[in-house]
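*Asks:* Can you read through this structure? Questions will come right after.
What follows draws every value from the coordinates through simple rules; no lab data is involved. Keep in mind that this is a model prediction, so the values were computed, not measured. FYI the Cβ positions are ideal-geometry reconstructions off the backbone, even for glycines, and counts take in every protein chain you see.
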Amino acid sequence: MSDQQNQKVYFGNFQEKVRQSGDKFLPGSINLTKLLSELGYEVVKKSKPVPSYIHVSNKGEEFLKVVINKFKDGPNQYGNTHCISVDTFRPKIEGNIEEEEGVNGNIN
C-alpha cells in the first residue's frame, strides 16, 4: 500500500458531554465540503436558505451538526450500540415562546 492509501482523512470533530441524567453523548460536526471533495464530488452551492443544522464557516465550508447517542435499551437487532443523527437542537431564547427542541435526548 502507498503512503497516500494509509493516510487518514479527518472530516469531523466530536466532544464527549454528559447530560444531567448521567448519559454520555457526542455532539460534533462533519465537514461536508471536505468529505465530498475527498470522495471526488464537486460541491455545488445552491441559492436556497441554509438549514439551522448546517454551519457555514468564514471560508465557505459547510459543516453538518450531528450527535452520536448510545441506544438506551442496549444494542439493536444488528448489534449496533450507537446511532448518529442530525442535531436540530435549538436552545430556548429568553422571551421566546419557542420550546427547546432537537435530538440531544436518548435514542430508542
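*Asks:* Based on the Cβ-Cβ distance from residue 92 to residue 6, what FRET efficiency comes out when R0 is 35 Å, to the nearest 0.05?
*Replies:* So, using R0 = 35 Å, E works out to roughly 0.15.
*Asks:* Now a separate question. Residue by residue through segment 42-48, which ³J(HN,Hα) values in whole Hz follow from phi under the Karplus form 6.51 cos²θ - 1.76 cosθ + 1.60 (θ = phi - 60°), with glycine and proline marked x?
*Replies:* Values, residue by residue: 8, 7, 10, 7, 10, 8, 6 Hz.
*Asks:* Which GluC sites (Glu not before Pro) from segment 1-81 combine a DSSP loop assignment with at most 10 other Cβ atoms within 10 Å?
*Replies:* Hits after loop and neighbour filter: 16, 42.
*Asks:* Okay, moving on. How many nm separate the modelled label positions at residue 72 and residue 57, each set 7 Å beyond the Cα in the direction of the Cβ?
*Replies:* 3.5 nm
*Asks:* Moving to a separate point now. Please list, in chain and number order, the residues 5+ apart from residue 88 or on another chain whose amide H is under 5 Å from its amide H, with Hs placed from the backbone.
*Replies:* For residue 88, the qualifying residues are 103.
*Asks:* Along segment 22-37, what does the Karplus equation 6.51 cos²θ - 1.76 cosθ + 1.60 (θ = phi - 60°) give for ³J(HN,Hα), rounded to whole Hz, x for Gly and Pro?
*Replies:* x, 5, 8, 8, 10, x, x, 9, 10, 6, 4, 4, 5, 4, 5, 5
*Asks:* OK, next. Under 1.5 on a/c is rounded, so check that first for segment 8-86, then, if it is not, pick prolate when a/b is larger than b/c and oblate when it is not; a ≥ b ≥ c are the square roots of the alpha carbon gyration tensor eigenvalues.
*Replies:* Verdict is prolate for segment 8-86.
*Asks:* Using the Karplus curve 6.51 cos²θ - 1.76 cosθ + 1.60 with θ = phi - 60°, work out ³J(HN,Hα) for each residue of segment 77-86 in order, rounded to whole Hz, and write x for Gly and Pro.
*Replies:* Going residue by residue, I get 5, 9, x, 6, 9, 9, 9, 10, 9, 5 Hz, with x marking Gly and Pro.
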